[in-house]
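Enquirer: Pasting a structure here, questions to come.
The values are calculated or read from the model by the stated rules, or taken from the named source; none is laboratory data. If you're wondering where the values come from, they're calculated on a predicted model, not measured in any experiment. Glycine also receives a Cβ, built like all others from the backbone with ideal geometry; neighbour counts cover every protein chain displayed. Note: accessible area is taken over every heavy atom of the protein model, side chains too, but ligands, DNA and RNA are not part of it. Shrake-Rupley method; radii C 1.70, N 1.55, O 1.52, S 1.80 Å.
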Amino acid sequence: MAKRVPAPLLRRALVAWYTANRRDLPWRRTSDPYAVWVSEVMLQQTRVDTVIPYYERFLERWPTVEALADADDDDVRAAWSGLGYYRRANSMLAAAAQIVRDHGGALPHDVDALVKLPGFGRYTAGAVASIAYGKRAPAVDGNVQRTLARIFGIDGDVTSGPGSKAVWNQAAILANCDEPGDLNQALIELGALVCTPRNPACEQCPVRTDCVAYAEGRQTSIPPPRVRAKKKEVELTMVLIVRHGDHLLLERQPDDGLFGGLWCLPMLEGHLDPAGAADEALRRHGFELDGVEEAAELEAILTHRRLRIRIVRAHGGPARASGAMKWIALEALEDYGIPTVTVRALRAALTPDERARATLKDRRNAGARPG
DNA sequence: AAATCGGGGTA
DNA sequence: TACCCAGATTT
């Protein structure tokens with residue numbers, strides 16, 4: 001067994017390492033609680049390198065809670081476009097309004113008040129409280145979970161139940177110190193740079209002599225890999241209609257659920273042939289299609305689904321777009337929140353001329369084969 | 001406790 | 001291909 005060192009020594013080693021090795025990230029150049037909040041939400045289940053450009057654009061455009069509370073929802077969703085987990089953007093809008101209304105425009109200092117805000121869970125509340133306000137609150141993300149499980153030799157599942165409780169308890173002990181923000185970020189940074197999931201760089205670790213997993217050679221079995229449900233295969237058909245050569249019919253998704261609040265091509269269940277698409281569009285959306293032809297196919301992989309998508313191009317649609325439907329100019333697409341899969345569908349199915357005019361923001365992945 | 005919600009990097 | 005990423009929310 002590794003010898004259990006007193007918490008103060010462990011803290012000192014962690015913070016010293018962090019001070020010497022911390023990356024220079026945009027949100028570490030400020031102590032503005034609002035900026036910390038934005039970064040923490042964007043970083044939920046999202047890699048640092050992905051977040052950086054989104055974070056910088058977001059803070060430049062909405063530099064304060066008040067600015068965000070006054071923002072147009074579609075503008076914020078457009079700024080979030082491509083980042084994924086769009087509920088985060090909707091929650092931030094709701095939380096900003098709540099902070100202005102109930103807290104005078106300043107984020108609350110206490111974890112108990114923070115967790116009441118939309119989009120704040122235990123982690124985000126603890127991160128903001130400790131980093132922005134110096135509160136002695138733990139903040140356990142995936143990095144901390146893994147790192148503490150290894151240091152303390154916490155066996156079994158640590159994502160829930162007793163394993164999770166044990167991790168949070170140790171995190172709370174460590175964060176009960178004079179520099180909880182640095183301590184929490186030290187654990188996070190150690191997990192991101194050294195105590196990585198597959199091949200941890202134990203020789204670089206400042207606390208390896210205090211680590212149960214290292215002492216017992218169990219770095220790769222603690223924590224155990226998570227078993228994930230198999231992806232559900234879903235077939236769907238997207239309908240592309242361009243009117244007057246430059247206006248596209250899009251449909252806003254309900255706020256809850258997949259792509260909540262974002263604008264997508266009208267979607268139909270199943271891989272429909274031209275006749276089937278015409279029938280289903282009338283049944284589901286109440287408008288008629290003619291001249292339906294297959295335009296492209298593509299595949300999109302989400303966390304729990306594999307989407308097999310057929311894109312058909314047609315004429316028709318509603319005489320007047322109403323409700324969730326809207327005709328949007330190709331040149332105005334950048335003003336709307338559009339999920340990556342819809343952007344990919346448009347890239348694949350628009351004509352080269354239309355594609356040149358469409359203001360589609362860059363995504364990393366754009367692989368699709370013409371149908 | 002389990003399912004759902006994006007998208008992409010990495011081995 | 002499989003896993004994971006500075007998680008939150010609903011069922």
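Enquirer: Every residue in segment A:106-131 that is away from DNA strand B (no atom under 16 Å from the Cβ), of a type outside the set (A, V, I, L, M, F, W, C) and not in a helix (DSSP H, G or I), please.
Expert: A:P108, A:H109, A:D110, A:K116
Enquirer: Being open to solvent by less than 50 Å² (accessible area, probe 1.4 Å), under 30 Å from A:V38 (Cβ atoms), at pLDDT 95 or above and charged (D, E, K, R) is true for just one of A:D178, A:D141. Which residue is that?
Expert: Answer to the selection: A:D141.
Enquirer: Looking only at residues in segment A:36-49 that are among the hydrophobic types (A, V, I, L, M, F, W, C) and closer than 16 Å to A:G119 by Cβ, which one is most open to solvent (accessible area, probe 1.4 Å)?
Expert: That would be A:L43.
Residues checked against (1) part of a helix (DSSP H, G or I); (2) away from DNA strand C (no atom under 16 Å from the Cβ):
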| residue | (1), (2) |
| --- | --- |
| A:D256 | no, no |
| A:G261 | no, no |
| A:A275 | yes, yes |
| A:E294 | no, yes |
| A:L298 | no, no |
| A:A319 | no, yes |
| A:K326 | no, yes |
| A:V343 | yes, yes |
| A:R355 | yes, yes |
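Enquirer: Picking from A:V312, A:V292, A:V343, which residue would you name as being open to solvent by less than 70 Å² (accessible area, probe 1.4 Å), within 31 Å of the chain's Cα centre (by Cα) and more than 15 Å from A:L236 (Cβ to Cβ)?
Expert: Checking each option against the conditions leaves just A:V343.
Enquirer: Here's something else I'd like to know. What number of residues within segment A:197-208 are open to solvent by less than 30 Å² (accessible area, probe 1.4 Å) and within 26 Å of the chain's Cα centre (by Cα)?
Expert: Selection size over segment A:197-208: 1.
Enquirer: Please specify each residue of segment A:8-55 satisfying the condition of being in a helix (DSSP H, G or I), away from DNA strand B (no atom under 16 Å from the Cβ) and within 23 Å of A:V111 (Cα to Cα).
Expert: A:R11, A:V15, A:W27, A:R28, A:P33, A:Y34, A:A35, A:V36, A:W37
Enquirer: Continuing with this model, one more query. Could you please let me know if A:R146 is of a type in the set (D, E, K, R), assigned to a helix (DSSP H, G or I) and open to solvent by less than 40 Å² (accessible area, probe 1.4 Å)?
Expert: Considered against the rule, which asks whether it is of a type in the set (D, E, K, R), assigned to a helix (DSSP H, G or I) and open to solvent by less than 40 Å² (accessible area, probe 1.4 Å), A:R146 comes out as yes.
Enquirer: Given the conditions (1) within 16 Å of DNA strand B (Cβ to nearest atom); (2) in a helix (DSSP H, G or I); (3) surrounded by 23 or more Cβ atoms within 10 Å (Cβ to Cβ), and given that A:K165 satisfies all but one, which numbered condition is not satisfied?
Expert: (3)
Enquirer: Of all residues in segment A:219-254, how many are open to solvent by 90 Å² or more (accessible area, probe 1.4 Å) and more than 27 Å from A:Y86 (Cβ to Cβ)?
Expert: Counting residues in segment A:219-254 that are open to solvent by 90 Å² or more (accessible area, probe 1.4 Å) and more than 27 Å from A:Y86 (Cβ to Cβ) gives 3.
Enquirer: Among all residue pairs at least 6 apart or on different chains, which show Cβ distances below 7 Å where the first residue, located in segment A:263-291, is at positive phi and the second is open to solvent by 50 Å² or more (accessible area, probe 1.4 Å)?
Expert: Pairs that qualify, where the first residue is at positive phi and the partner is open to solvent by 50 Å² or more (accessible area, probe 1.4 Å), are A:G270/A:E235; A:G291/A:H315.
Enquirer: Scan segment A:197-227 for residues that are without any contact (Cβ under 8 Å) to a residue 60 or more places away in the chain and either in contact with a strand residue (DSSP E or B) (Cβ under 9 Å, 6 or more places away or on another chain) or near DNA strand C (Cβ under 8 Å from one of its atoms) (or both) and report the count.
Expert: Number satisfying all stated conditions: 4.
Enquirer: Right, here's the next one. Name the single residue that is farthest from DNA strand B (Cβ to nearest atom) among those in segment A:84-105 being surrounded by fewer than 20 Cβ atoms within 10 Å (Cβ to Cβ) and assigned to a loop (DSSP other than H, G, I, E, B).
Expert: A:G104
Enquirer: For segment A:65-83, give me the residue count where each residue is surrounded by 15 or more Cβ atoms within 10 Å (Cβ to Cβ) and part of a loop (DSSP other than H, G, I, E, B).
Expert: Matching residues across segment A:65-83 total 4.
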